[in-house]
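Undergrad: First the structure, which I've put down as C-alpha cells, then a few questions once you've had a look.
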Amino acid sequence: MGNPLFDGLFGRHRGAESVFLHLSDGSMITHGRFLERTARFAHALTLLRAVPGDRVALQVEKCPDALAIYAACAQAGLVFLPLNTAYTADEVGYFVENSGAKVFVCEGARLETLGPVAERAGAVLTDLGSLAAMAEAQPAEFETVVRDGEHLAAFLYTSGTTGRSKGAMLSQRNLLSNAEVLVEAWRFTERDVLLHALPIFHTHGLFVATNITLMAGGSMIFLPKFDLEEVIRLLPDATAMMGVPTFYTRLLGDARFTRDLTADMRLFVSGSAPLLAETHVAFEGRTGHRILERYGMTETNMNTSNPYEGPRKAGTVGRPLPGVELKITDPGTGAQLPAGKIGQIEVRGPNVFQGYWQMPEKTREELREDGFFITGDLGRVDADGYVEIVGRNKDLIISGGYNIYPKEIEGVLDEAEGVLESAVIGVPHPDFGETVVAAIVPEGESAPDLDALANGLEERLARFKHPRRMVLVEALPRNSMGKVQKNVLRDRYAALFSA
Ligand code: MCA
Ligand code: AMP
C-alpha cells in the first residue's frame, strides 16, 4: 500500500537534481528541492491539525509554494481546494464554508478581509508567508500517508446553470489515470520544458500541465501569468506549451511570433474553450505547427485529444483518450444516437469524478448510475471517430478560458435597485472568444443608473464575470412558454465587439 497519486507524481524522480521549475527571475528549483519543500509543507499542515481527508483551501497568487502545497496535500492525504485569485470574499466564503475546509491559506494582504470568512466557516486561516515560515522550520522528509486510488485528492468548484457552485470531488485515481494517459499520448519526457503561463487553480494549469510535467520528470518555465512579452522572450527555451485559445490569438497578433521563434518547440496544446478553425490554420501558416486541441472538464479531466502522430483536425477535439468511453445521446431520452448525429456528449472512465460534495441530487442529475457523465456539451462524432463540439446544452459563457454562469450574474443584477429582470448572454469577442453582455429591464419609468449597477457587482462577483456591456431593454424576448429566448439576444448583440 502506498499513495498512488504521490508515488505516481514523484516516484520516478525522487531527489533528482534535474530542474523542475525555471522562474522568471532566472532562479531554478530542482525536483529534489521541490520534494523537500513539499515535505516541509506537509508537516506544517499537519501541525495546523489537518488530518487525512480534511480539505485545505488555498487562494494565493501563482508561485512555487502554491504547487508545493498541492503536492503536500497529496503526500499528507489531504484534499486540495484551489481558488481563483479573482474571487471576492463573498465568493470565497461560500467555497470555504461549503467544503468544510480545515485550513484556509490566503495572501497576507487579504488576512483581514478573509478573517470573518474563515471564522464563519470554522477554518484555520493562515497566510502563505506564515505557513511558509512554519514549513521552513520543519524536516525535509515526511512519511507519506497511505492512500488508495479511491481516496479524494482535490475539490474543484464549478458553477452550475442553477443554484450554487458544486464541489467536484476528484479521487487520486481520477488525477493519476489522466496524467498517465496524457504523458503517453503527448509524449512527455524528462527532456521537456513546458512554458507554463496558465493559472494553477484550474484543471488545465494544475492537473494537466503540472501533473504531466512532474510525472515525466520534465521542467516548466513557470510564469506568474500569461504575459505576451515574457512568453515571446522565453518560447525559444521551451519544447511545449499549453494554453487557452486566447493565448494563441494573442501570439498571432504579434509579428515577433514566427517560425524561427518556435523552431525548437515540439507541441502546442489548446483547450478549455473552442479554438476557431481559422486560428488553427493561421497558426500553422505562421509557425508550421499544428495546434493539438483536446477537450476536458473539471469533472472529468481530459476526455479526448487530437493525436500526437496522425492528423490533427481543425475544429475537432480528437478521439476519446485511452480508457475513456464517449457516446452521443439524445438530450431528451438519453438514448445513444448513431454516428454523425448531433446530441449531448457523455463520457465514462477512470477520469470521471466521484460526484458533487454533499449534493447527491445534483450528482444523480449529471452522473448516471452506469458511470456515464452528462457533460452538457453538444457534439457529434465524425467518420474517423473525431469529436466535434457544436454547442452547449448548458447556459454557460467561456471567456478567455474562464467559465461564467449567467444565472449567477442575473441573480445579483435582479436584486439591484431599479432592475425588474435581466438576461446575461455571451457574445463573440476577438480576444476572449466570448464576453459577457447583460440585457436589463428597468423596474419603473426611469432607467437604473448603469454605473451604480456595475459598482454594485464589485463586492459580489469576481471582475472577470462582470458584464463588459449592459444594455437597457423594454422587455426580454420570450417564447410561448414564457422562457427567455437568449438566442434572440445573442443574435441581436452578436456584433457588439466585432473587431
Ligand atoms: C482577466 N480578465 C478577464 C479574463 N481574465 N475578463 C474576462 N475573461 C477572462 N478570462 C479581466 C480582469 O478581470 C481585468 O479586468 C482585466 O481582464 C485584466 O486582467 P489581467 O489579469 O491582466 O488579464 P489577462 O492577463 O489579459 O488575462 C487573460 C487570460 C487569463 C490570460 C486569458 O484569463 C487566463 O490565463 N485564462 C486562462 C483560464 C484557464 O486556465 N482556464 C482553464 C479552466 P478589469 O480591468 O475590469 O479589472 S480549466 C477548464 O476549463 C477545463 C478543465 C479544460 O478543458 O481545461
Ligand atoms: P470547466 O467547467 O471549467 O471544466 O469547463 C469545461 C467546459 O469547457 C466543457 O464542458 C466545454 O464546454 C469547454 N471546453 C473545454 N475544452 C474545450 C474545447 N477544446 N473546445 C470547446 N470547448 C471546450
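Undergrad: Return the carbon/sulfur percentage of the accessible area of the chain, one whole number, probe 1.4 Å, all protein chains in place.
TA: Of all accessible area on the chain, carbon and sulfur atoms account for 51 percent.
Undergrad: Cβ neighbours within 10 Å, averaged per peptide: list 345-357, 44-56, 109-121 in order, most packed at the top.
TA: Sorting 345-357, 44-56, 109-121 by mean packing, highest first, produces 345-357, 44-56, 109-121.
Undergrad: Mean residue ellipticity at 222 nm from the helices of the chain, using -39,500 (n - 2.57) per DSSP H segment of n ≥ 4 over the full residue count, to the nearest 500 deg cm²/dmol?
TA: -8500 deg cm²/dmol
Undergrad: Next up: Given 0.36 nm per residue, what is the gain on full extension from Arg191 to Glu230 after removing their alpha carbon distance, in nm?
TA: 11.9 nm
Undergrad: Using the alpha carbon gyration tensor of the stretch 80-238, what are the three equivalent-ellipsoid semi-axes (square root of 5 times each eigenvalue), largest first, in whole Å?
TA: In descending order the semi-axes read 28, 20, 19 Å.
Undergrad: State, in angstrom, two size descriptors of the chain derived from its alpha carbons: Rg to one decimal place and Dmax to the nearest whole number.
TA: 22.6, 70
Undergrad: Okay, next question. Please work out the ratio of the alpha-carbon Rg of the stretch 238-386 to 2.2 N^0.38 Å and round it to two decimals.
TA: 1.17
Undergrad: OK, next. For Asn455 and Asp330, compute 0.36 nm times the residue count separating them, minus their Cα-Cα distance, and round to one decimal in nm.
TA: The Asn455-Asp330 span can extend by a further 40.7 nm.
Undergrad: Here's something else I'd like to know. Which one of Asn98, Gly32, Val56 is farthest out on the positive end of the charge dipole of the stretch 20-124, using unit charges on Cβ (Lys, Arg +1; Asp, Glu -1) and the Cα centre as origin?
TA: Gly32
Undergrad: If you don't mind, there's one more thing I want to ask. For the stretch 149-232, I need the span (max minus min coordinate) of the C-alpha atoms along each principal axis, in Å, sorted largest to smallest.
TA: Projected onto its principal axes, the Cα set of the stretch 149-232 covers 42, 32, 17 Å.
Undergrad: Given bins 10 angstrom wide, list per bin the percent of all Cα-Cα distances in the stretch 174-219, short to long.
TA: All Cα pairs, binned at 10 Å, distribute as 31, 59, 10 percent.
Undergrad: Something else now. Note down the net charge around Ala197, summing +1 for each Lys or Arg and -1 for each Asp or Glu among other residues with Cβ under 11 Å from its Cβ.
TA: It works out to a net charge of +1.
Undergrad: Now for a separate question. Using a 1.4 Å probe, what is the accessible area per residue for the chain, in Å²?
TA: 41
Undergrad: Further question on the same structure: Counting other C-beta atoms within 10 Å, and keeping those with at most 16, which DSSP coil GluC sites (Glu not before Pro) do you find in the stretch 390-499?
TA: Glu417, Glu443, Glu445, Glu458, Glu459, Glu474
Undergrad: If each Cα of the stretch 330-402 is one equal point scatterer, what is log10 of I(q)/I(0) from the Debye formula at q = 0.16, 0.25, 0.28 Å⁻¹?
TA: -0.66, -1.26, -1.32
Undergrad: While we're looking at this one, here's another question. Which FRET efficiency, nearest 0.05, do Ala137 and Ala109 yield, Cβ-Cβ r, R0 30 Å?
TA: For R0 = 30 Å, the calculated efficiency reads 0.80.
Undergrad: Taking only pairs that are 8 or more places apart or on different chains, how many Lys pairs in the chain have Cα atoms under 22 angstrom apart?
TA: Within the chain, the lysine pair count is 25.
Undergrad: Report the net charge of residues surrounding Gln75, where surrounding means a beta-carbon distance below 12 angstrom and charges are Lys +1, Arg +1, Asp -1, Glu -1.
TA: So the surrounding residues net to 0.
Undergrad: How long are the three semi-axes of the equivalent ellipsoid for the stretch 368-409, computed from the Cα gyration tensor as the root of 5 times each eigenvalue, in whole Å, largest first?
TA: Values for the stretch 368-409, descending: 24, 16, 8 Å.
Undergrad: Report, to one decimal in Å, the Kirkwood hydrodynamic radius for the stretch 94-170 based on all distinct Cα pairs.
TA: So the Kirkwood estimate lands at 14.8 Å.
The values are calculated or read from the model by the stated rules, or taken from the named source; none is laboratory data. On a predicted model such as this, the values are computed, not experimentally measured, just so you know. Cβ coordinates were reconstructed from backbone atoms using ideal geometry, including for glycine residues, and neighbour counts include every protein chain displayed. Only protein heavy atoms, including side chains, enter the accessible area calculation; ligands, DNA and RNA are left aside. Shrake-Rupley method; radii C 1.70, N 1.55, O 1.52, S 1.80 Å.
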